[in-house]
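Input: a single structure, listed below in C-alpha cells.
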Amino acid sequence: MISHSDMETERIGYALGKELRKGDVVSLRGSLGAGKTVLAKGIARALGITESIVSPTFTLVQEYDGTMKLYHLDLYRLSGEDEFESMGGEEFLYPDGVTLVEWSEKIGSMLPDTTIYIEIAIQDDGSRSITAEGGCHEYSLG
C-alpha cells in the first residue's frame, strides 16, 4: 500500500487497528521519520484511545487504555536484547492487550512467532510504501 500523507498513513493504521486482537504484537519498522508513530496514532484511534500518542523514545514504553490496553514501545535508544530483558520488557511481548514495537530489530529473536511486521519505506517522491506480513490472522491495510 502507498501513503501520500500523514493522514493516509494514520488511516492505514486505523484499518489495521480495527482488526487487531488481544495479545497481538506489531513490529513497526522503518527509518527515522518514516511514519511509525503516525501509523501508531491510527491504531490507537481504532482502539478507542483519545489521548495524544507520542513516540516513547525517552520513556521506552507508553501505556494507553481504550477498548483494549495498548503498549507502545520505542526501542531506538536500547542497546539490545540484554537491556530489554533487564528492564522486564518480555512481559510486553505477551500482552493483555496490543503491543506496538518501534525499532523491534533490537530484540528480533525475542519477538513471538505471531508478530505482525509492518515495514514503512520512504519512496523517492516522499510517499510511503507500507507492507504487512506475519501474524496468525489475515490483516488488511485499508
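Consider region 93-117 and keep the residues that are in a helix (DSSP H, G or I) and touching a residue at least 60 places away in the same chain (Cβ under 8 Å). The one that is nearest to residue 135 (Cα to Cα) is 93.
Residues of region 63-81 that are in contact with a strand residue (DSSP E or B) (Cβ under 8 Å, 6 or more places away or on another chain) and either touching a residue at least 60 places away in the same chain (Cβ under 8 Å) or part of a strand (DSSP E or B) (or both): 63, 64, 69, 70, 71, 72, 73, 74.
In region 31-62, the qualifying residues are those that are at pLDDT 90 or above and touching a Leu at 6+ places or on another chain (Cβ under 7 Å), and the one that is surrounded by the most Cβ atoms within 10 Å (Cβ to Cβ) is 39.
The set of residues in region 4-20 that are farther than 19 Å from residue 33 by Cα and either of a type in the set (A, V, I, L, M, F, W, C) or touching a strand residue (DSSP E or B) at 6+ places or on another chain (Cβ under 6 Å) (or both) comprises 15, 16, 20.
Residues checked against (1) touching a residue at least 24 places away in the same chain (Cβ under 8 Å); (2) more than 17 Å from residue 115 (Cβ to Cβ):
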position	(1), (2)
28	yes, no
34	yes, yes
37	yes, yes
54	no, yes
83	no, yes
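Got a number for residues in region 2-26 being touching a residue at least 60 places away in the same chain (Cβ under 8 Å), surrounded by fewer than 16 Cβ atoms within 10 Å (Cβ to Cβ) and within 15 Å of residue 130 (Cα to Cα)? Selection size over region 2-26: 2. Among the residues of region 39-52, the ones that are in contact (Cβ under 8 Å) with a residue 40 or more places away in the chain and assigned to a loop (DSSP other than H, G, I, E, B) come to 1 in all. In region 70-112, the qualifying residues are those that are within 10 Å of the chain's Cα centre (by Cα) and among the aromatic types (Phe, Trp, Tyr), and the one that is modelled with the highest pLDDT is 71. For region 93-106, the set of residues classified as crowded, with 22+ Cβ neighbours inside 10 Å and farther than 15 Å from residue 30 by Cα consists of 98, 99, listed by residue number.
For region 123-133, the count of residues that are charged (D, E, K, R), surrounded by 13 or more Cβ atoms within 10 Å (Cβ to Cβ) and not in a loop (DSSP other than H, G, I, E, B) is nonzero. Scanning region 1-19 for residues that are in a loop (DSSP other than H, G, I, E, B) and either at pLDDT below 95 or touching a Lys or Arg at 6+ places or on another chain (Cβ under 7 Å) (or both) turns up just one, 1. Residue 134 fulfils the conditions (1) more than 23 Å from residue 22 (Cβ to Cβ); (2) modelled with pLDDT under 90 except for a single criterion, (1).
The values are calculated or read from the model by the stated rules, or taken from the named source; none is laboratory data. This is a predicted model, so every value here is computed, not measured. Cβ coordinates were reconstructed from backbone atoms using ideal geometry, including for glycine residues, and neighbour counts include every protein chain displayed.
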